[in-house]
Amino acid sequence: MPTATTRSRVLVPTLHLAFDLGNTTWKLAFATGHAHAPRLRTMPARDLAQLAREIAAAKARFGLPADAPVVSCYEAGRDGFWVHRALTTLGVTNIVVDSASINENRRKRRAKSDRLDATALVRLLLRHHAGERGVWSVLHVPSLEEEDRRHLHRELFTLTRERTRQINRIKGLLALHGVVVPRLRGLPAAPPALRDWRGAPLPAGLTARLAREWARLRAIRREVRALEAERARVLASPGAAADPTLRLVARLRALQGVGDVSAWLYATEFFSWRAFRNRRQVAGAAGLTPTPRSSGDTEHELGISKAGNTIIRALAIELAWSWVRRQPTSALSRWYRTRFAAGGPRQRRIGIVAVARKLLIALWRYLETGVLPEGALLKA
(Lines give C-alpha, C1' and ligand atoms only; values in the text may rest on other atoms or scores of the structure.)
Protein backbone atom coordinates (compact mmCIF):
# COMPACT_ATOMS: atom_id res chain seq x y z
CA MET A 1 0.00 0.00 0.00
CA PRO A 2 1.50 3.41 -0.91
CA THR A 3 2.61 5.63 1.93
CA ALA A 4 1.37 9.17 2.50
CA THR A 5 4.61 10.50 1.06
CA THR A 6 4.17 8.47 -2.12
CA ARG A 7 0.51 9.44 -2.51
CA SER A 8 1.28 13.15 -2.11
CA ARG A 9 4.17 12.84 -4.54
CA VAL A 10 1.94 11.30 -7.19
CA LEU A 11 -1.29 13.26 -6.72
CA VAL A 12 0.04 16.82 -6.49
CA PRO A 13 -0.13 18.34 -10.03
CA THR A 14 3.55 18.65 -10.94
CA LEU A 15 5.37 19.71 -14.08
CA HIS A 16 8.31 17.47 -14.96
CA LEU A 17 11.14 18.94 -16.99
CA ALA A 18 14.21 17.23 -18.48
CA PHE A 19 17.14 19.07 -20.05
CA ASP A 20 19.48 18.01 -22.80
CA LEU A 21 22.21 20.62 -22.42
CA GLY A 22 24.21 21.75 -25.43
CA ASN A 23 26.74 24.47 -26.00
CA THR A 24 24.45 26.64 -28.16
CA THR A 25 20.95 25.27 -27.52
CA TRP A 26 19.08 23.43 -24.80
CA LYS A 27 16.39 20.87 -25.56
CA LEU A 28 13.54 20.87 -23.01
CA ALA A 29 11.04 18.04 -22.51
CA PHE A 30 7.95 18.78 -20.37
CA ALA A 31 5.50 16.17 -19.10
CA THR A 32 2.92 15.64 -16.38
CA GLY A 33 2.46 11.90 -16.82
CA HIS A 34 3.05 8.91 -19.08
CA ALA A 35 -0.30 9.16 -20.87
CA HIS A 36 0.64 11.95 -23.26
CA ALA A 37 3.65 12.71 -25.43
CA PRO A 38 6.10 15.16 -23.82
CA ARG A 39 6.11 18.80 -24.90
CA LEU A 40 9.45 19.48 -26.60
CA ARG A 41 11.01 22.89 -26.95
CA THR A 42 14.40 24.24 -28.05
CA MET A 43 15.84 27.39 -26.51
CA PRO A 44 19.16 29.27 -26.52
CA ALA A 45 21.64 27.87 -24.02
CA ARG A 46 21.96 29.66 -20.68
CA ASP A 47 18.99 32.00 -21.34
CA LEU A 48 17.28 31.83 -17.94
CA ALA A 49 14.64 34.41 -18.84
CA GLN A 50 13.56 32.30 -21.81
CA LEU A 51 13.56 29.22 -19.56
CA ALA A 52 11.16 30.90 -17.14
CA ARG A 53 8.85 31.74 -20.04
CA GLU A 54 8.97 28.15 -21.35
CA ILE A 55 8.06 26.80 -17.90
CA ALA A 56 5.10 29.20 -17.66
CA ALA A 57 3.93 28.25 -21.16
CA ALA A 58 4.18 24.53 -20.34
CA LYS A 59 2.07 24.99 -17.21
CA ALA A 60 -0.59 26.75 -19.29
CA ARG A 61 -0.42 24.03 -21.97
CA PHE A 62 -0.99 21.24 -19.43
CA GLY A 63 -3.63 23.17 -17.51
CA LEU A 64 -1.57 23.49 -14.34
CA PRO A 65 -1.84 26.44 -11.96
CA ALA A 66 0.87 29.07 -12.17
CA ASP A 67 2.23 28.04 -8.75
CA ALA A 68 2.37 24.31 -9.56
CA PRO A 69 5.67 22.73 -8.45
CA VAL A 70 8.31 21.93 -11.06
CA VAL A 71 10.81 19.10 -10.80
CA SER A 72 13.64 18.80 -13.29
CA CYS A 73 16.75 16.82 -14.07
CA TYR A 74 19.77 16.90 -16.31
CA GLU A 75 22.81 14.70 -16.81
CA ALA A 76 26.07 15.76 -15.20
CA GLY A 77 28.53 17.06 -17.77
CA ARG A 78 30.59 20.04 -18.82
CA ASP A 79 28.17 22.62 -17.38
CA GLY A 80 28.71 21.23 -13.89
CA PHE A 81 26.43 22.42 -11.12
CA TRP A 82 25.73 26.06 -12.01
CA VAL A 83 22.55 25.01 -13.86
CA HIS A 84 21.34 23.30 -10.69
CA ARG A 85 21.93 26.45 -8.66
CA ALA A 86 20.19 28.59 -11.30
CA LEU A 87 17.15 26.29 -11.33
CA THR A 88 16.98 26.44 -7.55
CA THR A 89 16.78 30.24 -7.69
CA LEU A 90 13.82 29.86 -10.10
CA GLY A 91 11.99 27.70 -7.55
CA VAL A 92 12.57 24.44 -9.44
CA THR A 93 13.37 21.23 -7.57
CA ASN A 94 16.26 19.82 -9.58
CA ILE A 95 18.39 16.69 -9.48
CA VAL A 96 21.67 16.03 -11.27
CA VAL A 97 21.91 12.53 -12.71
CA ASP A 98 24.96 10.35 -13.24
CA SER A 99 24.71 9.61 -16.96
CA ALA A 100 26.64 6.35 -16.60
CA SER A 101 23.89 4.97 -14.32
CA ILE A 102 21.16 5.23 -17.00
CA ASN A 103 20.26 1.97 -18.74
CA GLU A 104 20.47 2.13 -22.52
CA ASN A 105 19.20 0.06 -25.43
CA ARG A 106 21.82 -2.60 -26.15
CA ARG A 107 21.10 -2.93 -29.86
CA LYS A 108 24.11 -2.55 -32.10
CA ARG A 109 22.58 0.46 -33.83
CA ARG A 110 20.11 2.72 -32.09
CA ALA A 111 18.75 6.12 -32.95
CA LYS A 112 20.10 9.04 -30.93
CA SER A 113 19.25 12.74 -30.98
CA ASP A 114 18.70 15.56 -28.52
CA ARG A 115 14.94 15.10 -28.90
CA LEU A 116 15.08 11.37 -28.14
CA ASP A 117 17.48 11.90 -25.21
CA ALA A 118 15.27 14.58 -23.62
CA THR A 119 12.15 12.45 -24.11
CA ALA A 120 13.76 9.39 -22.52
CA LEU A 121 15.09 11.49 -19.65
CA VAL A 122 11.72 13.03 -18.77
CA ARG A 123 10.08 9.58 -18.76
CA LEU A 124 12.74 8.37 -16.34
CA LEU A 125 12.12 11.46 -14.23
CA LEU A 126 8.42 10.56 -14.04
CA ARG A 127 9.31 7.10 -12.76
CA HIS A 128 11.81 8.49 -10.26
CA HIS A 129 9.37 11.10 -8.94
CA ALA A 130 6.67 8.43 -8.58
CA GLY A 131 8.92 6.63 -6.11
CA GLU A 132 10.55 3.94 -8.25
CA ARG A 133 13.99 3.03 -6.99
CA GLY A 134 16.99 2.09 -9.11
CA VAL A 135 16.06 4.31 -12.06
CA TRP A 136 19.43 6.08 -11.91
CA SER A 137 22.00 7.48 -9.51
CA VAL A 138 21.51 11.02 -8.25
CA LEU A 139 24.64 13.08 -7.59
CA HIS A 140 25.20 15.07 -4.42
CA VAL A 141 25.71 18.73 -5.34
CA PRO A 142 28.43 20.55 -3.37
CA SER A 143 28.06 24.11 -2.24
CA LEU A 144 29.82 26.85 -4.19
CA GLU A 145 32.49 27.16 -1.46
CA GLU A 146 33.08 23.39 -1.35
CA GLU A 147 33.40 23.24 -5.12
CA ASP A 148 35.75 26.22 -5.21
CA ARG A 149 38.10 24.67 -2.66
CA ARG A 150 38.78 21.73 -4.97
CA HIS A 151 40.48 23.89 -7.59
CA LEU A 152 43.80 24.03 -5.72
CA HIS A 153 44.45 20.30 -5.57
CA ARG A 154 42.95 19.63 -9.00
CA GLU A 155 45.23 22.22 -10.57
CA LEU A 156 48.14 20.67 -8.71
CA PHE A 157 47.09 17.24 -9.99
CA THR A 158 46.97 18.57 -13.56
CA LEU A 159 50.38 20.25 -13.27
CA THR A 160 51.92 17.08 -11.84
CA ARG A 161 50.77 15.12 -14.88
CA GLU A 162 52.07 17.86 -17.19
CA ARG A 163 55.42 17.75 -15.40
CA THR A 164 55.64 13.98 -15.93
CA ARG A 165 54.78 14.34 -19.63
CA GLN A 166 57.37 17.09 -20.02
CA ILE A 167 60.10 15.00 -18.41
CA ASN A 168 59.21 12.00 -20.59
CA ARG A 169 59.24 14.22 -23.68
CA ILE A 170 62.75 15.46 -22.90
CA LYS A 171 63.97 11.94 -22.22
CA GLY A 172 62.41 10.74 -25.46
CA LEU A 173 64.13 13.45 -27.51
CA LEU A 174 67.48 12.56 -25.98
CA ALA A 175 66.90 8.83 -26.47
CA LEU A 176 66.74 9.43 -30.24
CA HIS A 177 70.45 10.21 -30.08
CA GLY A 178 71.50 7.58 -27.54
CA VAL A 179 71.57 9.95 -24.55
CA VAL A 180 70.15 8.84 -21.20
CA VAL A 181 69.33 11.26 -18.39
CA PRO A 182 68.21 9.13 -15.43
CA ARG A 183 67.00 11.94 -13.13
CA LEU A 184 65.86 15.49 -13.75
CA ARG A 185 65.91 16.96 -10.26
CA GLY A 186 67.40 20.27 -9.18
CA LEU A 187 67.09 21.69 -12.66
CA PRO A 188 69.69 24.27 -13.67
CA ALA A 189 68.61 27.30 -15.68
CA ALA A 190 69.71 25.67 -18.96
CA PRO A 191 70.10 22.03 -20.01
CA PRO A 192 73.59 20.62 -19.51
CA ALA A 193 75.97 20.21 -22.42
CA LEU A 194 75.18 16.76 -23.80
CA ARG A 195 76.72 14.66 -26.55
CA ASP A 196 75.25 11.90 -28.66
CA TRP A 197 76.26 8.25 -28.80
CA ARG A 198 79.39 9.13 -30.85
CA GLY A 199 80.49 11.85 -28.47
CA ALA A 200 79.56 14.57 -30.98
CA PRO A 201 77.51 17.65 -30.01
CA LEU A 202 73.76 17.39 -30.43
CA PRO A 203 72.25 18.88 -33.63
CA ALA A 204 71.35 22.57 -33.51
CA GLY A 205 67.61 21.99 -33.99
CA LEU A 206 67.46 19.49 -31.13
CA THR A 207 69.52 21.76 -28.89
CA ALA A 208 67.13 24.66 -29.50
CA ARG A 209 64.08 22.50 -28.85
CA LEU A 210 65.61 21.09 -25.66
CA ALA A 211 66.16 24.64 -24.40
CA ARG A 212 62.48 25.45 -24.94
CA GLU A 213 61.27 22.19 -23.37
CA TRP A 214 63.64 22.80 -20.45
CA ALA A 215 62.19 26.27 -19.89
CA ARG A 216 58.64 24.85 -19.92
CA LEU A 217 59.61 22.21 -17.37
CA ARG A 218 61.13 24.82 -15.07
CA ALA A 219 57.97 26.95 -15.35
CA ILE A 220 55.77 23.96 -14.46
CA ARG A 221 57.91 23.16 -11.45
CA ARG A 222 57.71 26.75 -10.23
CA GLU A 223 53.91 26.59 -10.43
CA VAL A 224 53.85 23.26 -8.58
CA ARG A 225 55.99 24.66 -5.77
CA ALA A 226 53.77 27.76 -5.57
CA LEU A 227 50.61 25.63 -5.22
CA GLU A 228 52.24 23.40 -2.61
CA ALA A 229 53.24 26.51 -0.65
CA GLU A 230 49.68 27.84 -0.93
CA ARG A 231 48.29 24.57 0.45
CA ALA A 232 50.76 24.65 3.34
CA ARG A 233 49.80 28.27 4.04
CA VAL A 234 46.10 27.38 4.18
CA LEU A 235 46.74 24.46 6.53
CA ALA A 236 48.85 26.65 8.84
CA SER A 237 46.52 29.66 8.75
CA PRO A 238 45.06 30.93 12.07
CA GLY A 239 41.51 30.12 10.95
CA ALA A 240 42.24 26.48 10.15
CA ALA A 241 40.98 25.29 13.53
CA ALA A 242 37.57 26.89 12.91
CA ASP A 243 37.15 25.49 9.40
CA PRO A 244 35.27 22.13 9.40
CA THR A 245 37.09 20.88 6.31
CA LEU A 246 40.54 21.79 7.59
CA ARG A 247 39.73 20.11 10.90
CA LEU A 248 39.16 16.89 8.96
CA VAL A 249 42.52 17.40 7.24
CA ALA A 250 44.22 17.82 10.63
CA ARG A 251 42.62 14.66 12.02
CA LEU A 252 43.74 12.61 9.02
CA ARG A 253 47.26 14.06 9.11
CA ALA A 254 47.56 12.89 12.72
CA LEU A 255 47.61 9.25 11.57
CA GLN A 256 50.88 7.56 10.74
CA GLY A 257 51.17 6.88 7.02
CA VAL A 258 48.81 9.71 6.01
CA GLY A 259 50.57 12.77 4.60
CA ASP A 260 49.44 16.26 3.67
CA VAL A 261 48.42 15.32 0.12
CA SER A 262 46.30 12.33 1.15
CA ALA A 263 44.66 14.17 4.02
CA TRP A 264 43.86 17.22 1.89
CA LEU A 265 42.41 15.18 -0.97
CA TYR A 266 40.32 12.93 1.26
CA ALA A 267 38.85 15.88 3.13
CA THR A 268 38.20 18.33 0.30
CA GLU A 269 37.31 15.86 -2.45
CA PHE A 270 35.42 13.21 -0.55
CA PHE A 271 34.51 13.46 3.13
CA SER A 272 33.82 17.12 3.87
CA TRP A 273 30.75 17.69 1.65
CA ARG A 274 29.18 14.22 1.47
CA ALA A 275 26.81 12.71 4.02
CA PHE A 276 27.40 8.96 3.81
CA ARG A 277 24.85 6.77 5.58
CA ASN A 278 26.70 3.46 5.50
CA ARG A 279 29.89 1.77 4.39
CA ARG A 280 28.41 0.67 1.06
CA GLN A 281 27.90 4.28 0.04
CA VAL A 282 31.50 5.09 0.98
CA ALA A 283 32.94 2.27 -1.12
CA GLY A 284 30.49 2.92 -3.96
CA ALA A 285 31.36 6.62 -4.21
CA ALA A 286 35.01 5.65 -4.70
CA GLY A 287 34.24 2.88 -7.20
CA LEU A 288 35.73 0.21 -4.93
CA THR A 289 32.70 -2.08 -4.73
CA PRO A 290 32.91 -5.61 -6.21
CA THR A 291 31.00 -6.46 -9.39
CA PRO A 292 29.94 -10.12 -9.38
CA ARG A 293 28.52 -11.68 -12.54
CA SER A 294 26.38 -14.72 -11.81
CA SER A 295 24.02 -16.57 -14.14
CA GLY A 296 22.92 -20.13 -13.52
CA ASP A 297 25.97 -22.20 -12.64
CA THR A 298 28.38 -19.54 -13.95
CA GLU A 299 29.92 -17.16 -11.47
CA HIS A 300 32.59 -14.56 -12.22
CA GLU A 301 34.04 -11.67 -10.26
CA LEU A 302 34.74 -8.75 -12.60
CA GLY A 303 36.77 -6.72 -10.08
CA ILE A 304 35.92 -3.33 -8.66
CA SER A 305 33.24 -1.24 -10.34
CA LYS A 306 35.46 1.84 -11.04
CA ALA A 307 32.27 3.91 -11.13
CA GLY A 308 33.19 6.56 -8.56
CA ASN A 309 35.73 9.32 -8.06
CA THR A 310 38.86 8.46 -10.04
CA ILE A 311 41.15 10.66 -7.95
CA ILE A 312 39.96 9.15 -4.66
CA ARG A 313 40.16 5.59 -5.98
CA ALA A 314 43.78 6.03 -7.09
CA LEU A 315 44.62 7.74 -3.80
CA ALA A 316 42.95 4.99 -1.76
CA ILE A 317 45.07 2.30 -3.40
CA GLU A 318 48.25 4.36 -3.02
CA LEU A 319 47.46 5.04 0.63
CA ALA A 320 46.80 1.34 1.21
CA TRP A 321 50.41 0.52 0.28
CA SER A 322 51.63 3.27 2.60
CA TRP A 323 49.37 2.03 5.41
CA VAL A 324 50.70 -1.53 5.18
CA ARG A 325 54.29 -0.24 5.44
CA ARG A 326 53.85 2.50 8.05
CA GLN A 327 51.11 0.93 10.20
CA PRO A 328 52.45 -2.64 10.50
CA THR A 329 50.71 -3.28 13.84
CA SER A 330 47.22 -2.29 12.64
CA ALA A 331 44.57 -4.96 12.16
CA LEU A 332 44.34 -4.19 8.44
CA SER A 333 48.08 -4.65 7.89
CA ARG A 334 48.10 -7.91 9.82
CA TRP A 335 45.09 -9.15 7.82
CA TYR A 336 46.84 -8.30 4.55
CA ARG A 337 50.09 -10.03 5.52
CA THR A 338 48.25 -13.15 6.70
CA ARG A 339 46.05 -13.51 3.64
CA PHE A 340 47.91 -12.01 0.68
CA ALA A 341 51.58 -11.26 1.40
CA ALA A 342 52.74 -14.81 0.69
CA GLY A 343 51.01 -14.90 -2.71
CA GLY A 344 52.26 -13.77 -6.07
CA PRO A 345 52.15 -10.22 -7.48
CA ARG A 346 48.56 -10.63 -8.70
CA GLN A 347 47.35 -11.81 -5.30
CA ARG A 348 49.09 -8.90 -3.59
CA ARG A 349 47.45 -6.41 -5.98
CA ILE A 350 44.03 -7.93 -5.31
CA GLY A 351 44.72 -7.81 -1.59
CA ILE A 352 45.81 -4.17 -1.61
CA VAL A 353 42.55 -3.15 -3.31
CA ALA A 354 40.68 -4.92 -0.52
CA VAL A 355 42.82 -3.04 2.02
CA ALA A 356 42.05 0.23 0.22
CA ARG A 357 38.30 -0.38 0.51
CA LYS A 358 38.49 -1.40 4.17
CA LEU A 359 40.82 1.50 5.01
CA LEU A 360 38.55 4.04 3.31
CA ILE A 361 35.60 2.83 5.39
CA ALA A 362 37.72 2.82 8.56
CA LEU A 363 38.83 6.42 7.93
CA TRP A 364 35.19 7.46 7.38
CA ARG A 365 34.25 5.93 10.73
CA TYR A 366 37.25 7.60 12.34
CA LEU A 367 36.14 11.02 11.08
CA GLU A 368 32.51 10.40 12.02
CA THR A 369 33.01 8.87 15.48
CA GLY A 370 36.62 9.64 16.46
CA VAL A 371 37.40 5.91 16.89
CA LEU A 372 40.81 5.04 15.47
CA PRO A 373 41.12 2.13 13.03
CA GLU A 374 41.96 -0.97 15.05
CA GLY A 375 45.62 -1.04 15.99
CA ALA A 376 46.42 2.25 14.23
CA LEU A 377 48.98 4.63 15.68
CA LEU A 378 49.07 8.41 15.75
CA LYS A 379 52.15 10.42 14.84
CA ALA A 380 54.38 11.38 17.70
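Odds and ends about this structure:
- Working note: 222 nm ellipticity from helices only, DSSP H runs with n ≥ 4, each -39,500 (n - 2.57), summed and divided by the residues of the chain, gives -16000 deg cm²/dmol to the nearest 500.
- For the chain, the solvent-accessible area works out to 58 Å² per residue, with a probe of 1.4 Å and every protein chain left in place.
- Using a cut-off of 30 Å between Cα atoms, the listed pairs Lys171/Lys379; Lys59/Lys306; Lys358/Lys379; Lys171/Lys306; Lys59/Lys108 include Lys171/Lys379; Lys59/Lys306; Lys171/Lys306; Lys59/Lys108 as exceeding that distance.
- For the range 20-37 versus the range 105-181, the inter-centroid distance based on Cα atoms is 24 Å.
- Full extension of the chain segment joining Gln256 with Leu48 gains 69.8 nm, where the gain is 0.36 nm per residue of separation less the Cα-Cα distance.
- Assigned charges on the beta-carbon of Lys, Arg, Asp, Glu; the chain dipole about Cα centre (debye): 1300
- Here Ala130 and Ser294 are evaluated by their C-beta separation; at R0 = 25 Å the FRET efficiency comes out at 0.25.
- The dipole here belongs to the range 102-158: it is taken about the Cα centre, uses +1 on the Cβ of Lys and Arg and -1 on the Cβ of Asp and Glu, and is about 760 debye.
- Counting only Cβ charges, +1 for Lys and Arg and -1 for Asp and Glu, the dipole size of the range 1-146 around its Cα centre is about 760 debye.
- In terms of its alpha-carbon gyration tensor, the range 1-154 comes out rounded; the largest-to-smallest axis ratio a/c stays below the 1.5 threshold.
- Mean projected area of the convex hull spanned by the Cα atoms of the range 268-380, taken over all viewing directions: 8.6 nm².
- Long-range HN-HN contacts of Gly308 with modeled amide H, under 5 Å: Gly287
- A DSSP coil position with no more than 10 other Cβ atoms inside 10 Å describes none of the GluC sites (Glu not before Pro) in the range 314-379.
- Candidates Gln327, Leu363, Val353 compared by Cα position along the dipole of the range 321-380: farthest toward the positive end lies Val353, with charges placed on Cβ.
- Antiparallel DSSP beta bridges within the chain, percent to nearest 5: 70
- The range 43-69 and the range 208-239: distance between their alpha carbon centers, rounded to Å: 48
- Within the chain, the selection of entire DSSP H helices by a Cα span of 18 Å or greater along the long axis and an average Kyte-Doolittle value of at least -1.0 returns 48-61, 114-129, 204-235, 310-326, 345-369.
- Our summary of shape: the Cα atoms of the chain have principal axis extents of 84, 58, 57 Å, ordered from largest down, in whole angstrom.
- Rounded to whole Å, sorted largest first: equivalent-ellipsoid semi-axes of the range 116-230, Cα gyration tensor: 50, 19, 10
- Rounded if a/c under 1.5, otherwise prolate or oblate - the range 219-280, Cα gyration tensor axes: prolate
- Considering only Gly296, Leu144, Trp82, the residue lying farthest towards the positive end of the dipole of the chain is Gly296, judged by Cα position with unit charges set on Cβ.
- Low-density loop positions, trypsin sites (Lys or Arg not before Pro), the range 282-348 - DSSP coil, at most 13 other Cβ in 10 Å: Lys306
- Ordered from highest to lowest accessible area with the whole protein assembly present and a 1.4 Å probe, Glu162, Glu223 read as Glu223, Glu162.
- Computed extension length for Leu173-Arg279: 33.3 nm, one decimal, from 0.36 nm per residue of separation with the Cα-Cα distance subtracted.
- Cα gyration tensor category, rounded, prolate or oblate, for the range 156-309 with a/c compared to 1.5: oblate
- Between the listed residues Ala45, Gly131, Trp214, the Cα displaced farthest toward the positive end of the dipole of the chain, a dipole computed from Cβ unit charges relative to the Cα centre, is found at Trp214.
- Modelled FRET efficiency - R0 22 Å, Ala219 with Leu194, Cβ distances, 0.05 increments: 0.55
The values are calculated or read from the model by the stated rules, or taken from the named source; none is laboratory data. What you see is a predicted model; the values in this text were computed from it and never measured. Note that we place each Cβ from the backbone using ideal geometry, even for glycine, and neighbour counts take in every protein chain shown. Ligands, DNA and RNA are excluded from the accessible area calculation, which covers all protein heavy atoms including side chains. Shrake-Rupley method; radii C 1.70, N 1.55, O 1.52, S 1.80 Å.
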